[in-house]
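The values are calculated or read from the model by the stated rules, or taken from the named source; none is laboratory data. Only a predicted model underlies this, so the values are computations on that prediction, with no experimental measurement involved. All Cβ positions, glycine included, derive from the backbone under ideal geometry; neighbour counts span all protein chains shown.
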Amino acid sequence: MRNAVAGRKPVRFGREEGFTLTVAVSVNPRRAAALMGLAALPVIASGLLVQQTLAQRVTVAEAAWWIGGVAAFMLTLFGVGRWLVPHADPVLLPCVAMLNGVGLVLIYRLDLAGLPIGHRSVGPSLESDSAHQVLWTLIGLCVFVAVLWFVDDHRVLGRYGYTCGLAGLVLLVVPAVLPGSISEVNGGKNWIRVHGFSIQPAEFSKILLVVFVAAFLVHNRDLFSQAGRRVAGMTLPRARDLGPLIVVWAISTLVLMFEKGLGVSLLIFGTLLVMLYVGTGRASWLLIGLVLFAVGATASYYLFAHVRVRVEIWNDPFATYATTGYQISQALFGMATGGILGAGLGQGSPDDVPFAKTDFIASTIGEELGLVGLTAVLLIYLVIVIRGMRAALAVRDGFGKLLAGGLAFSIGWQVFVVVGGVTGLIPLTGLTAPFLSYGGSSVVANYALIALLLRVSDAAAEPAVPARPAAATPLDAAQTQQISRRSTPRIAFRRPARP
């Protein structure tokens, strides 16, 4: 049951809180609309600037088409949010819309850079990556609406925790068992490619595994948070309780071994380890996880050649500039050229970096928008993570807390891994920046992730209302029972002793 009237939630029965009625708790629609309009301004301005700089003409009709398209995109997100989650955090959707819009502009900018000046058409062609990204964005919006529509209560997902876990593992393993001609792209077996259509299952597996871990920890909270042995001021878990962490570690290692997915392995292991720490409150889980990570990383370095190559590139990318170090070296050169304020949209040469639309979209931002622009983008991601954590703290059920916390952390962790690899802080991983980079699987999966965050945020805004008292039973319908006089206990009253 849903109510599209802003400011009211429908009456719901069957929850553990009992009878609930939420009135006048919704977000101010004017504020939400103003935030969405504010998010549209940089997208419109950057698109027109790229058009003028690279295509060297912007007519009134072309400007109207661009402004109308961005406005339709923003209004659709705003309308869906007001319709299905009117009480959700009003900041999340504008941040997502801005990142998605800026990503489309950057991909379009890189499309134009690959064409001669005389052949740069106005607007993306149907065969361009930017046009494909627009299509994937529309599919992502459909998935966003579908998740909000069918998942009316996030706690329903807790009932299917083990099913989600099994599905996540299957999606993670499938590329490893498929032939390389179907699953391998740029040396990593992380894809499923059939007749020109490609999908990266790990993007969806991430969400399913977070749902599973949240449900598992809620059902076994006492087992992980209380049992254990005190050693050096910490409560270490029992050996048999280490099973889930060992399984996660083994899965991450197998992904690294067979699929050569360093980024996927880091993303899954880091997210689930933090969820385990949040669910139990034990620092010992983090310590044990870091030890397992160190053991796995060391063993992988000596056992797998592709891991050694990544580490050697990270250690000194200029030593192999002509071969394996070319990509990261060009990215560092571009960001150094951009400096503080950047070369300006359309003024740099970000297309000199291989895979600038996917893995290295951050280097494009750093070169043309500078340190200021890259910092602004990172701050937008930070706002999304903070707002997601805020929803996790505000929601009243344990499953919702772990679900929102795990999803929000996965976004922040993925951004750290991506930007850390591009800037040389950590080895390259091959992950893409959420909502910014080119890639259909990433856009669709992250829209589903944001939909779940908004659902939890919407539930967190509902005030706790005491359960409705049970109606009195009529006397003629009341059950009666005969009680023997001998079975009735006697109560003796004694006079208190005088002091």
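Descriptive notes on the structure:
- Scanning segment 380-428 for residues that are hydroxyl-bearing (Ser, Thr, Tyr) and closer than 18 Å to Val264 by Cα gives a single hit, Ser410.
- Residues of segment 68-105 that are closer than 18 Å to Gly388 by Cα, surrounded by 23 or more Cβ atoms within 10 Å (Cβ to Cβ) and β-branched (Val, Ile, Thr): Val85, Val96.
- For beta carbons closer than 6 Å, sequence separation of 6+ or different chains, a first residue in segment 292-319 that is among the small types (Gly, Ala, Ser) and a second that is part of a helix (DSSP H, G or I), the qualifying pairs are Gly296/Thr253; Ser300/Leu256; Ser300/Val307.
- Residue satisfying all of: in segment 10-62; among the hydroxyl-bearing types (Ser, Thr, Tyr) and surrounded by 13 or more Cβ atoms within 10 Å (Cβ to Cβ); modelled with the highest pLDDT among these: Ser46
- Here Ala336 fulfils each of the conditions (1) under 30 Å from Val185 (Cα atoms); (2) aliphatic (A, V, I, L, M); (3) buried (at least 17 other Cβ atoms within 10 Å of the Cβ) apart from (3).
- Residue among Ile246, Ile313 that alone is out of contact with any Cys (no Cβ under 9 Å at 6 or more places or on another chain), of a type in the set (Val, Ile, Thr) and at pLDDT 90 or above: Ile313
- In segment 252-274, the count of residues that are β-branched (Val, Ile, Thr), assigned to a helix (DSSP H, G or I) and at pLDDT below 80 is one or more.
- Residues that are free of Cβ contacts under 8 Å to residues at least 40 places away in the same chain and not small (Gly, Ala, Ser), drawn from segment 375-392: Thr375, Leu379, Leu382, Val385, Ile386, Met389
- A search for C-beta distances below 7 Å between a residue of segment 133-157 that is touching a residue at least 12 places away in the same chain (Cβ under 8 Å) and at negative phi and any residue that is among the polar types (S, T, N, Q) and crowded, with 17+ Cβ neighbours inside 10 Å, counting only pairs 6+ apart in sequence or on different chains, returns Thr137/Asn100.
- Of Ala497, Ala459, Ala477, all but one fail to be modelled with pLDDT under 95 and within 26 Å of Ala215 (Cβ to Cβ); the exception is Ala459.
- Only a single item in (1) modelled with pLDDT of 90 or more; (2) closer than 30 Å to Val395 by Cα; (3) in a helix (DSSP H, G or I) is not met by Gly168, and it is number (1).
- On the stretch given as segment 171-196, residues that are more than 20 Å from the chain's Cα centre (by Cα) and either in a helix (DSSP H, G or I) or among the acidic types (Asp, Glu) (or both) total 10.
- Members of segment 150-191 found to be surrounded by fewer than 13 Cβ atoms within 10 Å (Cβ to Cβ) and touching a strand residue (DSSP E or B) at 6+ places or on another chain (Cβ under 7 Å), listed by number: Gly180
- Those helices (runs of 4 or more DSSP H) lying entirely in segment 318-434 with at least 2 residues among the hydroxyl-bearing types (Ser, Thr, Tyr) and under 19 Å from Lys206 (Cα atoms): none
- Ala472 at pLDDT below 90 and either more than 12 Å from the chain's Cα centre (by Cα) or among the aromatic types (Phe, Trp, Tyr) (or both): yes
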